[in-house]
1. Is one or more of the residues making up the range B:41-51 in contact (Cβ under 8 Å) with a residue 24 or more places away in the chain, surrounded by 23 or more Cβ atoms within 10 Å (Cβ to Cβ) and outside the structural domain of B:Met95 (by TED's automatic domain parsing)?
2. Please verify whether the range D:21-31 includes one or more residues that are in contact (Cβ under 8 Å) with a residue 24 or more places away in the chain, closer than 19 Å to C:Gly104 by Cβ and of a type in the set (Ser, Thr, Tyr).
3. Enumerate the pairs (first residue in the range F:95-112 and outside the structural domain of F:Thr61 (by TED's automatic domain parsing); second residue anywhere and assigned to a helix (DSSP H, G or I)) with beta-carbon separation below 9 Å, excluding pairs fewer than 6 apart on the same chain, so at least 6 apart or on different chains.
4. In this structure, is F:Asn29 modelled with pLDDT of 95 or more, touching a Pro at 6+ places or on another chain (Cβ under 6 Å) and in the same structural domain as F:Asp6 (by TED's automatic domain parsing)?
5. Do we find a residue being under 20 Å from E:Gln74 (Cβ atoms) and surrounded by fewer than 21 Cβ atoms within 10 Å (Cβ to Cβ) anywhere in the range C:62-70?
6. Looking at E:Ala111, E:Ala80, E:Ala59 in this structure, which one is surrounded by fewer than 24 Cβ atoms within 10 Å (Cβ to Cβ) and under 17 Å from D:Ala111 (Cβ atoms)?
7. Which of the residues belonging to the range C:1-30 are surrounded by 15 or more Cβ atoms within 10 Å (Cβ to Cβ) and either in contact with a Cys (Cβ under 7 Å, 6 or more places away or on another chain) or not in a helix (DSSP H, G or I) (or both)?
Number of protein chains: 6
Amino acid sequence: MIEYQDASPEVREVYDDIMRTRKTETINNFWKAMAANPAVLKQTWENIKQVMAPGALDALTKELIYLAVSATNQCSYCMASHSASARATGMTEKMFGELMAVVGMANNTNALAAGFQVPIDDQFKAGL
Amino acid sequence: MIEYQDASPEVREVYDDIMRTRKTETINNFWKAMAANPAVLKQTWENIKQVMAPGALDALTKELIYLAVSATNQCSYCMASHSASARATGMTEKMFGELMAVVGMANNTNALAAGFQVPIDDQFKAGL
Amino acid sequence: MIEYQDASPEVREVYDDIMRTRKTETINNFWKAMAANPAVLKQTWENIKQVMAPGALDALTKELIYLAVSATNQCSYCMASHSASARATGMTEKMFGELMAVVGMANNTNALAAGFQVPIDDQFKAGL
Amino acid sequence: MIEYQDASPEVREVYDDIMRTRKTETINNFWKAMAANPAVLKQTWENIKQVMAPGALDALTKELIYLAVSATNQCSYCMASHSASARATGMTEKMFGELMAVVGMANNTNALAAGFQVPIDDQFKAGL
Amino acid sequence: MIEYQDASPEVREVYDDIMRTRKTETINNFWKAMAANPAVLKQTWENIKQVMAPGALDALTKELIYLAVSATNQCSYCMASHSASARATGMTEKMFGELMAVVGMANNTNALAAGFQVPIDDQFKAGL
Amino acid sequence: MIEYQDASPEVREVYDDIMRTRKTETINNFWKAMAANPAVLKQTWENIKQVMAPGALDALTKELIYLAVSATNQCSYCMASHSASARATGMTEKMFGELMAVVGMANNTNALAAGFQVPIDDQFKAGL
């Protein structure tokens, strides 16, 4: 993991933009772990910055979606860091509980749909 | 798959509740495929009805979360049926695009966090 | 996909052993699709033959476990072929329904455990 | 995580039912982590209680299926807690070894079926 | 799906760059399906173009890695399109067979490592 | 976990072959954790030895493929042990960065292909 003081100018530029954009003075381990690969670091950050910015979906909804994927994938780092950012963006305990209930249910019925080999209904095919 | 006319009273009761709750006159293949197992059918429906009802999160946000999990799990049936219900609940094409961008990004960075073996930051551990 | 009549002696030997072991006269597409790679075909078959043979767990329990993994992974081919072999081995419709209910529940609670970031209980750590 | 002494009456009722049903005096972290969301806690417990109860499949077979899904999903908490309950239900070391061999093999061949793009055999389609 | 003749100038620009970069005159369905969301289309293409370009790893190795992930995730579209591009880049049938054998084995032992709850060896921790 | 000095002759034989083949004097926890099940241990080792041996793909490419699957599956043990063996086989930091970029991108576009429900192009179907 590469700390700010040990970082190359190229990496520092990304670190600076992360801190400026997120209005924080710390760099998460995620970025430090990637910083030995400046190109991967830079591209990943640019993508996240663009994708997570509010648009047709607001910032909180995007954080909830990110958590839904991370719980599904068993990504413990992602749950730890993004449940913090989701709370900072306004996620209440009650929202988190409902989020998890939907995520659990979706993982449940995803397995059922595969297990029962459910064929796609004609009216949904029309939507393609 | 069990059609309404061939269904037992127990199964018909679930079918009736689905149509009443969802204000529709069709039963999706998902339910018909499960109906040979009335207990599984009934429990799954009761759970979905409770979990997907609006609460601290609105119905559309819950549909988006459901889609996020389903795309992550490669559940083609679930994408087909729930992208239809999400659109019926108000998901625009632009929302869908942003949803998919976040889902793609989350799957990307979930793999990176595992691949780079990123240790959880102390400030996120405190949150536990 | 390589049919029996077009197969090399090396591939035919595997095909013959499959038909002999499974007491059938057809070779599933799974094997035909792999047969352009005789080494992969042979090793995969030898492993499956050994692993699926009854031991401390009987043949039906092993088929149920196989289906549990396949539904979780959304493997449609695996569900189609192994739900047939599970039924041939004695799986009833009621067993299948209960299997799917456990699989759905496990996928649900797996996501919840990750989502709520549940730390392992001390008494379970002792078991390691 | 919410301990029994700090729990609301609603949560205590679930905790009491868990201890009564499982004939134990401890509440696992899984439940304590969810208890800030009493509705999720209650629904999850009710579902698990119903789904894991012996029926057409006995309690041990259900535990094995649960473990098969949990190993596939890389759920470390679920493996830790349910390998304990599976052993308490009668799973021997030899059974566990065979379970893992089938789970490993299923994950292997699931990937092969996808990788070789194996089309579903006509005789398995008929089963739909 | 949006065909070239129906595409906006913004989408056509991406289509043109895809055809120029890949030296082809067809646009895959993947891009057409995304084109209703020009921002997602453009960002995804820019990322893929950058990531898949030869560097420390050559183009074929990158295609093999892409296939390894896609088989693991059961992505049938991705296997179909990228096994074609991998073959065009020089993947032989024998390479494909060995790729699949490693992918199957990795999925197998990934599940075993989780199932047996293997603790990380001290010498590998030192590497962090 | 079973140490060498406590191992049965059957297990020692596998341990000896691992150390001989890998030119090392340590046995990883992965093998020790499995050693209570000598049949699983032996079969897993024999498979890995055969599959990871250089062939049409060299040893380093196979290690990269193994890492691609392990990051996708969130297998922390597998990432720890195999990123060590990949480095020992010649993987540079730059290669690792590019590997992770492709793995992240593949997980991203796998989810997009499922999410956008992309139908397989006719020219790729012909390849089947």
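1. From the range B:41-51, those in contact (Cβ under 8 Å) with a residue 24 or more places away in the chain are B:41-42, B:45, B:49; that's our starting set.
Within this subset, residues satisfying the condition of being surrounded by 23 or more Cβ atoms within 10 Å (Cβ to Cβ) are B:41.
Going one step further and asking which of them are outside the structural domain of B:Met95 (by TED's automatic domain parsing), we end up with B:41.
The answer is yes; a qualifying residue exists.
2. There is no residue in the range D:21-31 that is in contact (Cβ under 8 Å) with a residue 24 or more places away in the chain, closer than 19 Å to C:Gly104 by Cβ and of a type in the set (Ser, Thr, Tyr).
3. none
4. Yes: the conditions hold for F:Asn29.
5. No, that holds for no residue.
6. Numbers: E:Ala111 fails: surrounded by fewer than 24 Cβ atoms within 10 Å (Cβ to Cβ); E:Ala59 fails: under 17 Å from D:Ala111 (Cβ atoms).
The match here is E:Ala80.
7. Across the range C:1-30, the qualifying residues are C:Met1, C:Ile2, C:Ala7, C:Ile27, C:Asn28.
A quick yes/no check of all residues on (1) among the basic types (Lys, Arg); (2) more than 23 Å from E:Ala39 (Cα to Cα); (3) modelled with pLDDT under 95:
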site	(1), (2), (3)
B:Thr61	no, no, no
B:Val69	no, no, no
B:Thr72	no, no, no
B:Ser83	no, no, no
B:Gly97	no, no, no
B:Ala113	no, yes, no
B:Phe116	no, yes, no
B:Asp122	no, yes, yes
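The values are calculated or read from the model by the stated rules, or taken from the named source; none is laboratory data. The structure presented is a predicted model; accordingly, all values stated were derived computationally and were not measured. With ideal geometry, Cβ positions are generated from the backbone for all residues, glycine too; neighbour counts draw on all protein chains shown.
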